[in-house]
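A short worksheet on the structure shown next.
The values are calculated or read from the model by the stated rules, or taken from the named source; none is laboratory data. Since this is a predicted model, take the numbers as computed values, not measurements. Note: ideal-geometry Cβ built from the backbone for every residue, glycine included; neighbour counts use all protein chains shown.
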Amino acid sequence: MTADVTTSLTLVPIGVIHTSMALKFDAPHQPENSRDEVSVVELFPGHNFEQALRDLNGFDRIWLVWWFHRNTTWNPMVLPPRGSSRRRGVFATRSPHRPNPIGLTSVPLIKVEGRKVYVGKNDLLDGTPILDIKPYLVSADAFPDSSTGWLAEVDAQLAEPARFQVVLSALAEQQAAWLKDNWEIDFLTRARELLARDPSPHRTRRIASTAQGNFRMGCGAWRTFFSVEGSLVTIERLAPGYPPRLLMNSEATSVPYREAQLAFNARWPAPQVGHS
């Protein structure tokens with residue numbers, strides 16, 4: 001008898017991954033070879049996963065099959081963060097906005113200890129549910145000469161030197177140093193990488209014009225305000241991404257970096273004009 005493939009399926013996570021990336025802005029669009037980081041996939045107890053992981057040591061890389069747990073909707077056409085502001089069919093992208101929000105990432109395998117799998121560079125947020133683990137096989141999974149479609153042009157552009165120089169105002173330097181020294185928060189490294197490539201307004205990159213004629217970029221829980229003159233991008237100031245009314249609301253338990261944002265506002269009160 002043929003199974004009814006139109007019925008819903010039930011997937012149960014086998015564990016979660018622990019990474020240093022708490023927000024979507026922290027994660028690279030694809031894992032970067034330059035990242036030197038160790039993350040831990042922790043499988044749940046009570047399922048004999050220790051036995052399931054037997055013999056995995058010895059592989060250089062593994063596949064992680066996971067769930068985009070922060071997405072609740074999907075779109076047939078999406079705006080990729082890389083490249084120009086042009087929408088693409090979701091099946092021609094790695095967008096998280098999929099009919100079934102399943103992710104697939106190849107990661108370096110460092111070691112296996114009990115129910116814990118230590119892996120290298122990846123693009124998963126902390127707490128991402130893991131659905132499956134598979135070994136990476138060069139003979140079956142590597143096709144280096146394959147065409148990459150529309151991404152070939154984007155990759156060629158990214159291979160060129162950055163077109164913009166990014167500098168910080170004295171205020172932005174002071175704010176960035178305060179965040180790093182007192183709260184170990186550094187979102188400017190990634191922000192500068194993105195702005196050096198293209199500071200133009202882009203919905204997915206969360207860059208928008210302000211009423212004052214400059215620009216702002218959403219950086220997870222923070223905001224970067226900047227100006228552009230020719231090929232020079234000047235980051236004028238930093239700011240919390242959450243409004244004071246939400247930061248002061250004790251019932252809003254999901255606000256990241258709440259204490260740091262409150263302390264920032266106390267030190268640098270938000271301007272009455274141009275903060276939004």
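Name the pairs: first residue in the range 187-212 and closer than 24 Å to ARG87 by Cβ and in a loop (DSSP other than H, G, I, E, B), second residue at pLDDT below 90 and not aliphatic (A, V, I, L, M), Cβ to Cβ under 7 Å, at least 6 apart or on different chains? As it stands, the answer is THR204/PRO80; THR204/PRO81; ARG205/PRO81, since those pairs meet every condition given.
Kindly evaluate LYS180 against the criterion of being basic (Lys, Arg), under 29 Å from ILE17 (Cα atoms) and either modelled with pLDDT of 95 or more or not in a loop (DSSP other than H, G, I, E, B) (or both). Taking the combined requirement at face value, the residue satisfies it. Is the range 86-95 home to any residue that is hydroxyl-bearing (Ser, Thr, Tyr), crowded, with 18+ Cβ neighbours inside 10 Å and within 23 Å of CYS219 (Cα to Cα)? There is at least one residue in the range 86-95 that is hydroxyl-bearing (Ser, Thr, Tyr), crowded, with 18+ Cβ neighbours inside 10 Å and within 23 Å of CYS219 (Cα to Cα). Of all residues in the range 172-183, those that are under 17 Å from MET217 (Cβ atoms) have Cβ atoms under 9 Å from Cβ atoms of residues that are exposed (fewer than 15 other Cβ atoms within 10 Å of the Cβ), 6 or more apart or on another chain, in GLN175/ARG267; ALA176/ASP186; LEU179/ASP186.
Matching residues to (1) in a strand (DSSP E or B); (2) within 27 Å of ILE17 (Cα to Cα); (3) not assigned by TED's automatic domain parsing to the domain that holds PRO80:
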| residue | (1), (2), (3) |
| --- | --- |
| TYR118 | yes, yes, no |
| LYS121 | no, yes, no |
| LEU124 | no, yes, no |
| GLY127 | no, yes, no |
| LEU131 | yes, yes, no |
| LYS134 | yes, yes, no |
| ASP145 | no, no, no |
| THR148 | no, no, no |
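Residue under question is ALA208, and the condition is that it be in the same structural domain as ALA170 (by TED's automatic domain parsing) and either modelled with pLDDT under 90 or crowded, with 16+ Cβ neighbours inside 10 Å (or both); does it hold? So ALA208 does not fit the description; no.
Restricting ARG216, ARG237 to residues that are surrounded by 15 or more Cβ atoms within 10 Å (Cβ to Cβ), closer than 26 Å to MET21 by Cα, out of contact with any helix residue (DSSP H, G or I) (no Cβ under 9 Å at 6 or more places or on another chain) and modelled with pLDDT of 95 or more narrows the list to ARG216.
For residues in the range 3-47 being assigned by TED's automatic domain parsing to the domain that holds ASP126, small (Gly, Ala, Ser) and exposed (fewer than 14 other Cβ atoms within 10 Å of the Cβ), which is modelled with the lowest pLDDT? Ranking the qualifying residues of the range 3-47, first place goes to SER34. Set side by side, the residues ARG115, ARG87, ARG163 differ, and just one is in contact (Cβ under 8 Å) with a residue 24 or more places away in the chain and touching a strand residue (DSSP E or B) at 6+ places or on another chain (Cβ under 9 Å), which is ARG115. When the range 135-153 is filtered for residues that are over 26 Å from ARG82 (Cβ atoms) and among the β-branched types (Val, Ile, Thr), only VAL138 remains. Can you find a residue in the range 239-252 that is touching a residue at least 24 places away in the same chain (Cβ under 8 Å) and closer than 17 Å to ARG70 by Cβ? Checking the range 239-252: not a single residue is touching a residue at least 24 places away in the same chain (Cβ under 8 Å) and closer than 17 Å to ARG70 by Cβ.
Matching residues to (1) farther than 18 Å from TRP178 by Cα; (2) of a type outside the set (Phe, Trp, Tyr); (3) over 18 Å from the mean Cα position of the chain (by Cα):
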| residue | (1), (2), (3) |
| --- | --- |
| ALA221 | no, yes, no |
| GLU229 | yes, yes, yes |
| ARG237 | no, yes, yes |
| MET248 | yes, yes, yes |
| GLU251 | yes, yes, yes |
| PRO256 | no, yes, no |
| ALA263 | no, yes, yes |
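Residues in the range 158-177 that are in a loop (DSSP other than H, G, I, E, B) and surrounded by 14 or more Cβ atoms within 10 Å (Cβ to Cβ): ALA162, PHE164, SER169.
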